[in-house]
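Q: Let me give you the structure first, and then I'll get to my questions.
The values are calculated or read from the model by the stated rules, or taken from the named source; none is laboratory data. Computed from a prediction, not measured in an experiment: that's the story for all the values here. FYI the Cβ positions are ideal-geometry reconstructions off the backbone, even for glycines, and counts take in every protein chain you see. Just so you know, the surface numbers come from the protein's heavy atoms only, side chains and all, with ligands and any DNA or RNA stripped out. Shrake-Rupley method; radii C 1.70, N 1.55, O 1.52, S 1.80 Å.
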Amino acid sequence: MAMAGAIVPVLIPGAKAETTGSETSAAGGAVGKENAALLNAVEDTKALPDYVQREWLGPHFWGNRLQDWRLIEGRIECVSDEKGPDLRTVSLITRDLKPGEGSATITATLGRISPKGKGFGGFLVGAGAGKLDYRAAALVQKASGEGGGLLCVVDTDGKAAFREHTSEDKWQEYKELPSTKMAGTVAYSGQPLTLTLQVAPGGGEYALTLTAKDGDAVVSSAVLEGVKEEELLGGIMLVSAATSGPDGARYWFKDVTADGDKVGRSGERAVGPVLGTLFSLNGNVMKMTAQLMPISASDPQHVTLEVREAGQGTWREVARKEIAGGYCATFRLDNWDDSKDWQYRVAYEDDGTGQGRKAYYEGTVRRDPRHAGRQLRIGLYSCTIAAARNLDGGGGRRQLPNSQDLGRYTPQCIYMPYTEIVEGSKKLNPDMLAFVGDQFYETNPTTKVRDENPIFDYLYKYYLWLWSYREITRDRPTLVLVDDHDVYHGNLWGNGGRQAPDGNQDLGGYVRAASWVNMVQATQCGHNPDPYDPRPVQQGIGVYYCAFKYGGVEFCLLEDRKFKTAPIQGESLNMHVPELLGDRQEKFVKEWGQKVKDADARICLTATLLGCAQTSPDGLAVVDFDSNGYPPLARIHAVRLLRDANVLILAGDQHLGSVIRLGDDTYTDGPIQFSGPAGSTSWTRWFEPAQPLANAGETPNTGDFQDGFGNKMRVLAVANPSITFKEYRKHIKGRGQGIGDRNLKAEGYGIVDVDLDTREYTLHCWRWDADPAAPEAKQYAGWPMTFGFDQVAKG
């Protein structure tokens, strides 16, 4: 079986490639022997079709940002329209400079898109300094910083030069480095140039020679000596920089190569045309969304789904689907046999190189665990920011004592691709994944685009999430909820889907175009089980709240943002009926609860906590209207409905792992809600009451609590940051609550075990970097925690 996401090309157009045997790839995945040979045979990075125009640059390239580059007429063009200075990059993700003595030669043809303005174009080497996963190194871009690499470029006058890209203080200066300049044989005519970078070892260091040619004639050349190996290790990139404002220079590239014994070749890293898949399983109904890179209107417009029983037989086509908005296609099969493991592959007619080869993305739909005699294990994830610092600019000086430096392109700053969480999850091996919101943050890793329909900006950020987690989503049912940041809101009160008055999110409704919101939901939630009541809300915005059964457990999934009303409905605090779930979802929960009343295990998925378990630096209850502590009357109604349905509630959003018994009249007459910690975030919350609480547990900050809205609850476990809120506020004034150093935060993910034999739920809360397989592995204090099925609804 091919590694997830690897392009598996077929040399004969239209032929069907079978996968047999396996070998270990450089990235640690399994790649079929025949497919590995094919990958090596078609690794030519020059291969770019000259008959399409699209934002996907091809399988070897990752553009920063997606909207800043396009493939047209067989060349890669920078089309950024940002006001300068502006530096944009394309990562050559299948190549890097690796440790060990050796030489390298990197070449490309490049030219000016416009004769106006100043700037430079060429290469960047050493992206990530060899310390980052290749996907993280692929994000090196506009702002310089530690790990930012070395610029090897030619300016608009045709002069070759080396520039730094590692300054943390002067992050947009790109200062030229002293080098030996060699005279050219011809004057620069403004025509396209062939740029060649030669890396040669000597005396434990390296000499870099950069030469720009017009045909066979040398226009300019520069030599940089005494370069340490650590300055070269890591990713190889193309660079286009405008230094004179919005009319600055932009560059195009073609015929890109990187060769030599110091160059690492990793064909299995190629990305697209299918980036990843998400699927759900509900009895005999399997739904799957295949997410493609942005293809051209002249590319094939459909994908097919092929399956075979695991390890047996030949592939057979079971569905064909047109590619829809957001470059995704959703399959629905209603005769699925969930008692068997099925291999699948999504087939696309063109691998992106213009060579007429098919490409496949492969995975496995495992049988429902109840057929395998296993108890159900659920992974719980939310709130994943790509980087601690913005990659478009800004400083990163330490603001807290004992915090570590966050070099812009270092493992301390770049969280994506969340390797520790993914690897820990693989060891814990959940049967099902629940991503309950904020798969990304709209302002990270690059500045938010403020268009009402920012399709490519959205896809760029969403792709980073899917590119990271596809290793586990490719073979596990994955349920996804869309939360506020997924639709470019800081907070979201959906108000039944209305358009936000005056574009103000705080007045309730959606700020951006309804068609864009539907595209977001299609990419992230289109594969979820069928909605309970598919009627759209205002503006034609779709819904996805639903019920399903998996692993012997009955589930309901709620949209606790879409119907919720904002405190301010117009220009003032107008009189209005406050809503949380809304009439439709309240009716759904009541009917679903009656339908599954005889089921042993029942779980509800929501975005956030039905309460406001937050305190101020002085330990007082705070009011956060974003939480589902608001509106309190509607919250009480929801708590009662879920209590009557006898559910365990799973959520995220709060960035504060907790297990809470929700209260109604008393502190303990409601259901249990487990809110998992943030996977990675820049906003931190605390629950540190000023005085010990009544009925406290064995761990700190537990017991009976009344929140700022008057809601009662009993906090059974909480994972606070290692720095207290009071200590934090001594150093950082104002309203900010950002922390970059992960050692000071309490990030991670949840695991829920459902044992149908003992009739128990066991809740686990793991730190982001924990190795759960290590003998000394410990969870956050207070976990694991076990409840009987009959204990979750009411204490």
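Q: Considering only the stretch 662-682, how many residues are among the aromatic types (F, W, Y) and not in a strand (DSSP E or B)?
A: The total comes to 1.
Q: Same structure, new question: What is the residue count in the stretch 153-198 for residues that are closer than 18 Å to T243 by Cα, touching a residue at least 60 places away in the same chain (Cβ under 8 Å), among the hydrophobic types (A, V, I, L, M, F, W, C) and touching a strand residue (DSSP E or B) at 6+ places or on another chain (Cβ under 6 Å)?
A: 5
Q: I'd like the full set of residues that are farther than 19 Å from L481 by Cβ and open to solvent by less than 10 Å² (accessible area, probe 1.4 Å), limited to the stretch 646-659.
A: Residue satisfying the conditions is V659 alone.
Q: Does K170 qualify as being of a type in the set (K, R) and at pLDDT below 95?
A: yes
Q: Something else about it: What are the residues in the stretch 545-573 that are exposed (fewer than 15 other Cβ atoms within 10 Å of the Cβ), without any contact (Cβ under 8 Å) to a residue 24 or more places away in the chain and over 17 Å from P632 (Cα atoms), if any?
A: Result: E571, S572.
Q: Same structure, new question: Let me spell it out: the conditions are (1) open to solvent by 60 Å² or more (accessible area, probe 1.4 Å); (2) in contact (Cβ under 8 Å) with a residue 40 or more places away in the chain; (3) touching a Ser or Thr at 6+ places or on another chain (Cβ under 9 Å); (4) closer than 18 Å to I672 by Cα, and N743 meets all of them except one. Which number is the exception?
A: (4)
Q: Oh, and also: So which residues in the stretch 580-624 are assigned to a loop (DSSP other than H, G, I, E, B) and either under 23 Å from I732 (Cβ atoms) or free of Cβ contacts under 8 Å to residues at least 24 places away in the same chain (or both)?
A: D598, C612, A613, Q614, S616, P617, D618, G619, L620, V622, V623, D624
Q: Residue by residue through the stretch 587-602, note down the ones that are at pLDDT 95 or above and open to solvent by 30 Å² or more (accessible area, probe 1.4 Å).
A: Matches in the stretch 587-602: K587, K590, E591, Q594, K595.
Q: So, one more: Could we say that Q191 is under 29 Å from L391 (Cα atoms), of a type outside the set (S, T, Y) and either modelled with pLDDT of 95 or more or open to solvent by 10 Å² or more (accessible area, probe 1.4 Å) (or both) here?
A: no
Q: Taking the stretch 683-709 as the region of interest, how many residues are in a loop (DSSP other than H, G, I, E, B), of a type in the set (D, E, K, R) and open to solvent by less than 30 Å² (accessible area, probe 1.4 Å)?
A: 2
Q: When the stretch 117-143 is examined, which residues are found to be in contact with a strand residue (DSSP E or B) (Cβ under 7 Å, 6 or more places away or on another chain), assigned to a loop (DSSP other than H, G, I, E, B) and open to solvent by 10 Å² or more (accessible area, probe 1.4 Å)?
A: G117, L132, K142
Q: Quick one: in the stretch 359-388, which of the residues that are open to solvent by less than 20 Å² (accessible area, probe 1.4 Å) and either assigned to a loop (DSSP other than H, G, I, E, B) or of a type in the set (V, I, T) (or both) is farthest from S167 (Cα to Cα)?
A: Per the criteria, the residue is D368.
Q: Let me ask another. Taking the stretch 625-645, which residues are part of a loop (DSSP other than H, G, I, E, B) and open to solvent by 30 Å² or more (accessible area, probe 1.4 Å)?
A: F625
Q: Considering only residues that are part of a helix (DSSP H, G or I) and under 21 Å from P369 (Cβ atoms), look in the stretch 399-439 and name the one that is nearest to the chain's Cα centre (by Cα).
A: Ranking the qualifying residues of the stretch 399-439, first place goes to V422.
Q: Kindly indicate the residue of the stretch 194-223 that is part of a loop (DSSP other than H, G, I, E, B) and over 22 Å from K262 (Cβ atoms) and also least open to solvent (accessible area, probe 1.4 Å) among those meeting that condition.
A: Going through the qualifying residues, I end up with G215.
Q: How many residues are open to solvent by less than 10 Å² (accessible area, probe 1.4 Å) and under 18 Å from F279 (Cβ atoms) if we restrict to the stretch 477-487?
A: The number of residues fulfilling the criteria is 5.
Q: Something else about it: Are there strands (runs of 3 or more DSSP E) fully within the stretch 224-275 with at least 2 residues that are among the β-branched types (V, I, T)? List them.
A: Where strands (runs of 3 or more DSSP E) fall fully within the stretch 224-275 and carry at least 2 residues being among the β-branched types (V, I, T), they are 234-242, 251-259.
Each row is one residue, and each column tells you yes or no for (1) touching a His at 6+ places or on another chain (Cβ under 7 Å); (2) touching a residue at least 24 places away in the same chain (Cβ under 8 Å); (3) closer than 30 Å to A513 by Cβ.
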| site | (1), (2), (3) |
| --- | --- |
| I236 | no, yes, no |
| G264 | no, yes, no |
| V271 | no, yes, yes |
| N284 | no, yes, no |
| S296 | no, yes, yes |
| D299 | no, yes, yes |
| R308 | no, yes, no |
| G313 | no, no, no |
| A329 | no, yes, yes |
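Q: For the stretch 445-467, which residues satisfy the criterion of being touching a strand residue (DSSP E or B) at 6+ places or on another chain (Cβ under 6 Å) and not in a helix (DSSP H, G or I)?
A: Residue satisfying the conditions is P445 alone.
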